[in-house]
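Visitor: Pasting in a structure now, in structure tokens, and then I'll have a few things to ask.
The values are calculated or read from the model by the stated rules, or taken from the named source; none is laboratory data. Since this is a predicted model, take the numbers as computed values, not measurements. Note that we place each Cβ from the backbone using ideal geometry, even for glycine, and neighbour counts take in every protein chain shown. With ligands, DNA and RNA removed, areas are computed over all heavy atoms of the protein, side chains included. Shrake-Rupley method; radii C 1.70, N 1.55, O 1.52, S 1.80 Å.
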Amino acid sequence: MRRINEAAGRAGAAIRDLQPRRGDSPFAASRPSPTRRHSVGSQRHSGYSASKEGKESPTSSRPSKPTLSYHGPFAAELLPAASAAARAAYEATLSMTNDELQQLAELVAAAHCDRSTYLSTEAWQFGTTAYAIPGNEVCADCGSSEPPTWAAMVGEADAVLVCNECCGGHRALGVHLSAPLSLKMDRWSDEKRQRLLSSGNRAVNATLEAHAAAAQCKPSSEADVSAKHVFVRSKYERRAFAAEGDGELLPSTPPGRRCAGGAPQQVHAGILIVRLIRAHDLIAADFTGKSDPYVKATCGKAKSKTRVIRRTLSPEWNEVLRLNVEDVRDVLMLQVKDSDTIGSSPLGDCSLNLAELRPNHGTELSLELQNVRSGRLVAEVTWCPLDG
Ligand SMILES: [Zn+2]
């Protein structure tokens, strides 16, 4: 009961601190709130529904209270596996009034749950659950209130949510200490899901920031990226702020250092998500007047390709490719090719500077293919820089 009250207080504080905004909500309220200022967005992805409890409800003797029920496809698999803390945060919504519930729905939708920025509806549902865990609404390392979109697998069995900038520090630690995964764009194994749901920022920080010096050394969300990285390294690599730690920050280290194991650091600038949607007016490469097109995407050393669609000049791939980008100055090259038993022949290409893309937002582009008589390629490109 104490944890439920605590979670309710946390949700209430969040409502008071932040202005609700429009968004795509996983909650559907049973009745419109007369005081709400914005409407909740499309409910086609709805997983939750709120309804006023009637006498038939066995869960409460207070008929005036709203209740939330989850009927999404992942409920049966994930909710039982969620930590007590996550369930407590969820159950805390049971004690809210409908107005509060509505505001919370809008808040959650706007802050964390814009469905269009997630790889899939399932990823979006999982992200929603992850944010319900105490402490996960802000970055574990700098406290930034921007919704943290990266999860770092730390220690033996823990996971924290962190912001873009702190995630860069986690990447530099090496995968033996911290392995970041994107909440929005990565595919998650069941084991990692369980790990995130049974851990959380507050629980991990209770251990790794137990030292009295942690509060003074912890960077603010406004701090320099390098200061955040120094803190991350001190906190996770040296456990300097655990109860037994020395409470001291490491001196700054230039990029490119070698990690404890001696392996060279792999520094990534970010992840490029390219959804190849379709192409049209492609040239014919076969004598039958058709082509067997696929797309090869290249950015620096990273490359990936779609499957081949047979015998068409208007292929629809609707396929997502992910490229780990090492240098923000790299150019994304998209080459449409015809698959042939003896190799491939070009059907046109196009390129894109990452600097032209708005970070962390999907941009749908219709690109004219170059070096060819005709053809356009339609793609959605999302650039996720690791350092903001
Ligand atoms: Zn941060």
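Visitor: Quickly run through segment 151-189 and pick out the residues that are among the hydrophobic types (A, V, I, L, M, F, W, C), away from the ligand (no atom under 13 Å from the Cβ) and either open to solvent by less than 20 Å² (accessible area, probe 1.4 Å) or part of a strand (DSSP E or B) (or both).
Guide: Selection gives Met153, Val154, Ala159, Leu173, Ala179, Leu181, Leu183, Met185.
Visitor: Which residue pairs have Cβ atoms under 6 Å apart, sit 6 or more places apart or on different chains, and have a first residue in segment 143-157 that is in the same structural domain as Thr117 (by the TED database) and more than 13 Å from Ser198 (Cα to Cα) and a second that is in a loop (DSSP other than H, G, I, E, B) and within 11 Å of the ligand (Cβ to nearest atom)?
Guide: Within 6 Å, the pairs are Gly143/Ser221; Ser144/Cys163; Ser144/Ser221; Ser145/Val138; Glu146/Cys163; Pro148/Cys139; Pro148/Cys163.
Visitor: Picking from Asn324, Asn360, which residue would you name as being assigned to a loop (DSSP other than H, G, I, E, B) and either closer than 28 Å to Pro148 by Cβ or in contact with an Asp or Glu (Cβ under 9 Å, 6 or more places away or on another chain) (or both)?
Guide: After applying the criteria, what remains is Asn360.
Visitor: In the list Ser234, Ser198, which residue meets the criterion of being out of contact with any Pro (no Cβ under 9 Å at 6 or more places or on another chain), among the polar types (S, T, N, Q) and within 16 Å of the ligand (Cβ to nearest atom)? Walk me through how you get there before you give the answer.
Guide: Values: Ser198 fails: within 16 Å of the ligand (Cβ to nearest atom).
Within the list Ser234, Ser198, the selection yields Ser234.
Visitor: For segment 276-311, how many residues are without any contact (Cβ under 8 Å) to a residue 24 or more places away in the chain, β-branched (Val, Ile, Thr) and surrounded by 14 or more Cβ atoms within 10 Å (Cβ to Cβ)?
Guide: 1
Visitor: Taking segment 137-147 on its own, how many of its residues are over 18 Å from Ala206 (Cβ atoms) and either near the ligand (Cβ under 7 Å from one of its atoms) or of a type in the set (Lys, Arg) (or both)? Write out each step before concluding.
Guide: Taking segment 137-147 as the starting set, the residues that turn out to be over 18 Å from Ala206 (Cβ atoms) are 144-147.
Okay, now just the ones that are also either near the ligand (Cβ under 7 Å from one of its atoms) or of a type in the set (Lys, Arg) (or both), so 144.
Here the count works out to 1.
Visitor: Filter segment 269-289 for residues that are within 15 Å of Gly375 (Cα to Cα) and assigned to a loop (DSSP other than H, G, I, E, B) and give the result.
Guide: Passing the criteria: Asp281, Leu282, Ile283, Ala284, Ala285, Gly289.
Visitor: Among the residues of segment 329-358, what is the count of those that are farther than 16 Å from Gly375 by Cβ, surrounded by 13 or more Cβ atoms within 10 Å (Cβ to Cβ) and at pLDDT below 80?
Guide: The qualifying residues number 0.
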